[in-house]
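Remarks on the structure that follows.
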Amino acid sequence: MSDKEQENSFRLLNERETARRLAVSAHALRYWRAHGGGPPWVRVGERLVRYEMDALRGWIERQARVRDGR
């Protein structure tokens, strides 16, 4: 993995960036955090909430539902 790929894989997104990527509101992310749902997140310091890019991608993939026509 190149240095650039490693840098991108560990990129931390703020709440606004994450909400934009998921096409949801920041309020939805806060609700999910408060109720134990949504994508994995980390707290940086006392107040900052961040979402790690690779963890977000994995969460999105796990949310995908495959329709089998039944």
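The values are calculated or read from the model by the stated rules, or taken from the named source; none is laboratory data. All values derive from a computational prediction rather than experimental measurement. So basically every Cβ, Gly included, is an ideal-geometry build from the backbone, and we count neighbours across all protein chains shown.
Residue-level check: of (1) touching a Gly at 6+ places or on another chain (Cβ under 6 Å); (2) modelled with pLDDT under 95, Trp32 misses just (2). Within the range 30-62, being in a helix (DSSP H, G or I), out of contact with any Leu (no Cβ under 8 Å at 6 or more places or on another chain) and not basic (Lys, Arg) holds for Tyr31, Trp32, Ala34, Asp54, Ala55, Gly58, Trp59, Glu61.
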